[in-house]
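The values are calculated or read from the model by the stated rules, or taken from the named source; none is laboratory data. This structure is a prediction, so every number in the text was calculated from the model and none was measured. Every residue, glycine among them, receives a Cβ derived from its backbone with ideal geometry; neighbour counts consider all protein chains shown. Calculation scope for accessible area: heavy atoms of the full protein, side chains included, ligands and nucleic acids excluded. Shrake-Rupley method; radii C 1.70, N 1.55, O 1.52, S 1.80 Å.
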Amino acid sequence: MELRGVQKWYGDLHVLQDIDLSVAQGEVVVVIGPSGSGKSTLCRTINRLEPVDEGTILIDGAPLPQEGKALARHRADVGMVFQSFNLFAHKTILDNVTLGPIKVRKMAKADAEKRAHELLDRVGVGHQAAKYPAQLSGGQQQRVAIARSLAMDPKVMLFDEPTSALDPEMIKEVLDVMVDLAERGMTMIVVTHEMGFARTAANRVVFMADGRIVESADPESFFTNPQSDRARDFLGKILKH
Amino acid sequence: MDVIIEAFPDILQAFWLNIRLALYSGVLALVLGTLLAAFRVSPVPLLRLIGTVWVNTIRNTPLTLVITFMLFGLSYQLGVTFSDTISENVFWLAVVGLGVYTAAFVCEVLRAGINTVDVGQSEAARSLGFTFTQNLRLVILPQAFRAVIAPLGSTFIALIKNTTIAVVIGVTTAEGINESSGLMRTLIEFNGDQTILIFAVFALGFVIITLPIGLLTSWAAKRLGGVR
Ligand SMILES: Nc1ncnc2c1ncn2[C@@H]1O[C@H](COP(=O)(O)OP(=O)(O)O)[C@@H](O)[C@H]1O
Ligand SMILES: [Mg+2]
């Protein structure tokens, strides 16, 4: 997966400035940076939830389609996990996980359900399949959201601050699932400030500020020896907590 | 009181005619209204324009005008007929008129419902690769409908009351039965001294039909609206 010279503006605001980023298959990249630096926008452009103004984004060597069926197919290949889970509120947990495979991948219902049960077991919420999202804790909902994405067999998975909306005691259960995914070779881009996760699972840390990629390094060198003032300043702030 | 007892079978049949008008035009309004709401939130500018023009034109036109247009414009001038029997034809013209009119209101109620659905729902659907239509049909509309059961109930109650406007173009059944307001007028014409009683009976008739709908939809809104 590769971004080349990506530019994006919101009106006068230059949210993504000349972004070059390539992520190899099976690589786990953690994106960190201050609030408003463009991390969410970066994820959203890769999934084409937002169009870019300039530059290209390539997945498996092919550029992102602009619209229609091809775009929908592309989105199906890129999983996305949101900060606010966004499970379908009117569907059961099982239906949340089977809806995409049945409607988008045209999988038979029985096969989709079998796979959904496997995935729900894998993320540890197998016994909740018949419930509705509102009946689950935040941590459980986020794990279902991960299972829902996985059910589409994505080539890449994007995580936009997946644990920021969670109570501290639930963060670990979600991170454990993500570490497991990373170990199984999933290509992942993860926006998070969880340094523990970055240290155990990430191959690389990308630091963003003001719409630019300021630094890109392996986790150990980034956290122990950041090169830029912005990164040092930022790490100083989050390490105090 | 004798007037009422004597006319009772006719009254029942008259109300039944109003109910049939309401049922058919209600289904039409629901289908058309949903389609219009889909147009109004669609990414295609032309569809959005069609939706906006339809809704704003119809909402600002008196129902009597719409119904009259059905008979004189659609039927006489443009030659659109639904049946060879005159009374049947007029019945279906009224259904179309009421349906087209009510659809504009259903559309606006639904659009308000769509706005209550969290944008995250739609983003999750898009990120799974759903097309716009799938997103609307599987994720957004089911939640939007749940959110607007009560106002949709009110729209339908208004439609039931509006079926009396069909008298303007003379809706009768094949057997020559008036719809309720038409029958009421006839009864009052011949029994002027009993106007208040006759009026009260017909008003009660409408309350009997509409009250359960109001109760049912508020009950359903409480039950289903919670699952969000
Ligand atoms: N839809 C939008 N319209 C206008 N400005 C936006 C929009 N989305 C985000 N922004 C702005 O773009 C900047 C980057 O936002 P975002 O990508 O969410 O940053 P981060 O996720 O790093 O906190 C912020 O200043 C934000 O206010
Ligand atoms: Mg963000």
| Rounded to the nearest 5, what % of the DSSP beta bridges within the protein assembly as shown are antiparallel ones? | 50
| remark: A correct Stokes-Einstein calculation for the stretch B:2-224, using the alpha-carbon Kirkwood radius, 20 °C and 1.002 mPa s, returns a whole-number D in µm² s⁻¹ of 112
| What accessible area per residue, rounded to a whole number of Å², is obtained for the stretch A:65-189 using a probe radius of 1.4 Å? | 40
| 5 angstrom amide H check on A:Met107, placed H, neighbours 5+ away | A:Ile102
| query | Suppose every K and R has +1 on its Cβ and every D and E has -1 on its Cβ; what is the size of the dipole of chain A about the Cα centre, in Debye to the nearest 20? | reply | 760
| Of B:Thr85, B:Leu187, B:Leu110, which is farthest along the charge dipole of chain B in the positive direction, counting Lys and Arg as +1 and Asp and Glu as -1 at C-beta? | B:Leu110
| said: Do any residues of the stretch B:99-147 show a loss of at least 30 square angstrom of accessible area between the isolated chain and the full protein assembly, using a 1.4 Å probe, and if so which? | reply: B:Gln121, B:Glu123, B:Ala124, B:Arg126, B:Ser127, B:Leu128, B:Gly129, B:Phe130, B:Thr131, B:Gln134, B:Leu138, B:Gln143
| remark: In this structure, among A:Lys39/A:Lys237; A:Lys69/A:Lys103; A:Lys69/A:Lys131; A:Lys91/A:Lys114; A:Lys8/A:Lys39, pairs with alpha-carbon gaps over 20 Å are A:Lys69/A:Lys131
| said: Principal axis extents for the protein assembly as shown, Cα atoms only, whole Å, descending order, please. | reply: 99, 46, 42
| field | List of the stretch A:61-90 residues, accessible area with partners at least 50 Å² below that of the chain alone (1.4 Å probe) | value | A:Arg75, A:Asn86, A:Phe88, A:Ala89, A:His90
| query | Dipole size in debye (nearest 20) for the protein assembly as shown around its Cα centre, Lys and Arg Cβ +1, Asp and Glu Cβ -1? | reply | 340
| request: Compute the acute angle (0 to 90°) between the alpha-carbon long axis of helix B:45-59 and the principal axis of greatest extent of the alpha-carbon atoms of chain B; round to the nearest 10°. | output: 30
| Angle between the Cα long axis of helix A:93-103 and the longest principal axis of chain A, 0 to 90 degrees, nearest 10? | 80
| request: Heavy atoms only, probe 1.4 Å: what % of the accessible area of the stretch B:2-224 goes to carbon and sulfur, would you let me know? | output: 68
| message | Cα atoms only: what Rg and Dmax, in Å, come out for the stretch B:94-228? | response | 20.4, 70
| remark: Once the mean of 1/r over all distinct C-alpha pairs in the stretch A:1-100 is inverted, the Kirkwood radius in Å reads 15.1
| message | Nearest 10 degrees is fine. How inclined is helix A:229-239 to the longest principal axis of chain A, computing both from alpha carbons? | response | 50
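Can you give the helix-only mean residue ellipticity at 222 nm for chain A, where every DSSP H stretch with n ≥ 4 adds -39500 (n - 2.57) and the sum goes over all residues, rounded to the nearest 500 deg cm²/dmol?
Calculated from helices alone, the mean residue ellipticity at 222 nm is -12000 deg cm²/dmol.
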| message | Taking 20 °C and 1.002 mPa s as the conditions, I'd like the Stokes-Einstein D for the stretch A:16-73 in µm²/s, using the Kirkwood hydrodynamic radius from alpha carbon pairs. | response | 167
| note | Losing no less than 20 Å² of accessible area (probe 1.4 Å) relative to the isolated chain, the residues of the stretch A:27-55 are A:Arg44, A:Leu49
| Near the amide H of A:Val31, under 5 Å away, which other amide H atoms are found, from residues 5 or more places off or on another chain, if H is placed in the peptide plane? | A:Val190, A:Val191, A:Thr192, A:Val206
| task | Provide, for q = 0.07 Å⁻¹, the log10 of I(q)/I(0) from a solvent-free Debye sum over equal Cα point scatterers in chain A. | result | -0.23
